[in-house]
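These notes are about the structure you will find just below.
Just so you know, all these numbers are worked out from the coordinates, no wet-lab data involved. Since the structure is predicted, the reported quantities are computational estimates derived from the model, not experimental observations. We place every Cβ from the backbone using ideal geometry, glycine too, and count neighbours over all the protein chains shown.
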Ligand code: ISL
Ligand code: CA
């Protein structure tokens with residue numbers, strides 16, 4: 001039988017360092033704060049930590065604008081702190097992967113500063129510099145955070161490409177010297193002992209030759225436009241694999257917008273020697289606005305569509321590639337608010353249901369910090385509470401500049417979709433600022449921390465937290481969770497997500513009610529007298545009857 005890789009059995013925990021734990025009273029989470037909670041993470045049972053960027057950065061986009069790849073941002077600590085974290089994690093058997101942001105740098109990176117000086121420096125070609133089209137930008141591409149993807153620069157009378165903010169110029173992967181500089185940097189981190197990378201927008205690194213105009217899509221999200229899945233992307237990833245990754249026993253997960261399962265067989269197919277897995281986003285786009293406002297929407301994803309997409313990925317990658325499983329991250333609303341029900345009566349139950357549904361799929365599950373508590377969206381009501389550049393720019397564009405949405409409408413959309421929903425501080429206890437910091441945090445703590453916090457969760461055997469702990473343990477104990485086939489049942493059912501996992505002579509049945517309604521489904525027909533209920537989010541089992549957000553797992 002084929003060898004299973006260590007990361008196929010693993011559960012990953014994503015840490016957003018800025019919001020995890022402040023230890024030096026500046027209102028910003030830091031590396032010592034992560035070290036302080038390693039035992040907590042070990043107790044939960046996760047295997048791998050993924051840290052959002054902690055490198056030196058002017059923080060135009062919270063660290064996704066890097067000005068030195070080999071320095072730690074002073075907000076977070078020092079390289080000595082990082083080395084201590086890595087050692088402390090390894091000591092506990094935890095792996096640690098870093099965010100690798102190599103589609104772009106900060107405009108304050110020395111490479112960009114040099115490239116901006118004159119047209120003849122070798123660094124000029126590390127980025128995309130182009131003459132304008134008369135008085136306008138070289139092409140019609142939009143930036144993800146609003147406006148044109150081109151910024152005019154007086155010094156040399158040319159424009160540079162930035163597919164995100166103006167302070168995030170795109171690196172030119174056509175340039176072999178640039179690629180070597182990136183590979184040297186990656187090798188440096190891997191030699192330090194980090195266990196892999198989450199690669200930011202990695203399917204954007206190959207731009208179409210000649211940078212041609214794209215179809216104009218009014219106020220659409222950047223996502224799957226002109227710059228994803230370009231012609232040389234697989235060549236670059238194979239080169240990176242061969243020159244860097246193949247030398248180490250590490251894991252890689254690429255962030256890839258606008259990909260189908262067929263695309264991912266190329267990015268992460270077993271024999272491709274590119275990436276180990278990717279984050280796809282089809283399941284997170286089903287609730288996008290149908291009226292041209294992209295992610296700025298208050299819709300709910302229809303369950304039938306959600307099941308269809310998940311089924312396509314489960315079946316499409318089975319035996320050929322490997323899925324990443326996630327409901328949320330630092331760019332999305334909170335899982336329980338988006339796919340479950342964060343009203344007090346249903347929050348705990350629906351958070352456990354979502355966890356059950358996701359963790360028993362085939363793939364590597366990712367838990368975003370606070371998800372294990374059932375943390376909710378921020379529900380901010382004031383624009384001044386928001387910090388995120390994407391959120392603030394979108395408001396400026398849609399409400400102030402183009403006046404396409406009223407203030408009230410946009411505030412409702414931000415409350416449902418802003419990235420800041422998942423960036424509020426981790427809720428540790430009932431004390432000041434949820435125990436995150438002794439001073440006012442960089443972004444407001446959710447006032448519901450009085451009920452929703454780690455201390456309360458650990459004291460309550462029925463908490464969301466212990467449900468996650470059980471799911472993680474189940475995955476570690478039962479090979480079927482990693483290896484079993486997936487079969488979707490009741491595909492057109494609008495309330496219930498039901499599936500089977502089969503491996504050798506075993507069959508498991510997972511049943512999840514995604515609604516607050518009581519429903520009845522033919523569950524018992526799938527079971528035998530010897531069947532056993534392995535896990536549930538209610539105290540008893542009513543057979544074919546499902547209560548609000550009920551989730552049940554049977555060994556058939
Ligand atoms: O956040 C998004 C939608 O709200 C996405 O469009 C996001 O910009 C895209 O997923 C790329 O995300 C990654 O790169 C960005 C950074 O802002 C995100 O935080 C990061 O996850 C630019 O580096
Ligand atoms: Ca701090």
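A quarter of the convex hull surface defined by the alpha-carbon atoms of the range 110-161 gives 3.7 nm² as the mean projection.
Counting only DSSP H runs of at least 4 residues, each contributing -39500 (n - 2.57), and dividing by the residue count of the chain, the helix-based mean residue ellipticity at 222 nm comes to -7500 deg cm²/dmol.
Quick check on the range 452-500: take the gyration tensor over C-alpha atoms, sort the square-rooted eigenvalues as a ≥ b ≥ c, and tell me if it's rounded (a/c under 1.5), prolate or oblate. It is oblate, given that a/c is not under 1.5 and a/b is not larger than b/c. Kindly express, to the nearest 10 degrees and within the range 0 to 90, the angle between helix 407-417's C-alpha long axis and the longest C-alpha principal axis of the chain. Taking Cα atoms only, the helix is inclined about 70 degrees.
Against the chain, whose longest principal axis comes from its Cα atoms, helix 79-91 is set at around 30 degrees. Pairing the Cα long axis of helix 303-317 with the longest principal axis of the chain, what angle in degrees results, from 0 to 90 and rounded to the nearest 10? Value to nearest ten degrees: 80. The ellipsoid that matches the Cα gyration tensor of the chain has semi-axes, each √(5λ) in whole angstrom, of 38, 26, 25, with the longest given first.
Which value, in Å to one decimal place, does the Kirkwood hydrodynamic radius take for the range 399-458 when every pair of different Cα atoms is included?
With all distinct Cα pairs of the range 399-458 included, I get 13.3 Å.
As a proxy for reagent exposure, 398, 120 were ordered by neighbouring Cβ count within 10 angstrom, fewest first; the result is 120, 398.
Going from the residue with the fewest nearby Cβ atoms within 10 Å to the one with the most, 67, 337, 136, 438 rank 136, 438, 67, 337.
Quick check on the chain: of the DSSP beta bridges with both residues there, what percent are antiparallel, nearest 5%?
60 percent
Does the range 486-555 come out rounded, prolate or oblate by the C-alpha gyration tensor, with a ≥ b ≥ c the root eigenvalues, rounded set by a/c under 1.5 and, if not, prolate when a/b is larger than b/c and oblate if not?
Oblate is the answer for the range 486-555, as a/c is 1.5 or above yet b/c matches or exceeds a/b.
Does the range 1-113 come out rounded, prolate or oblate by the C-alpha gyration tensor, with a ≥ b ≥ c the root eigenvalues, rounded set by a/c under 1.5 and, if not, prolate when a/b is larger than b/c and oblate if not? It is oblate, given that a/c is not under 1.5 and a/b is not larger than b/c. Can you give me the Cα centroid spacing of the range 102-155 and the range 387-438 in angstrom? Result: 29 Å between the Cα centres.
Taking other C-beta atoms within 10 Å as the exposure proxy, 409, 397 rank 409, 397 from fewest upward.
For the chain, the relative contact order comes to 13 percent (Cα pairs under 8 Å, sequence separation of at least 6). Computed over the range 15-80, the range of Cα coordinates on each principal axis works out to 35, 25, 22 Å, biggest value leading. Specify the inter-centroid distance of the range 250-292 and the range 511-550, based on alpha-carbon positions, in whole Å. Cα centres, the range 250-292 to the range 511-550: 32 Å.
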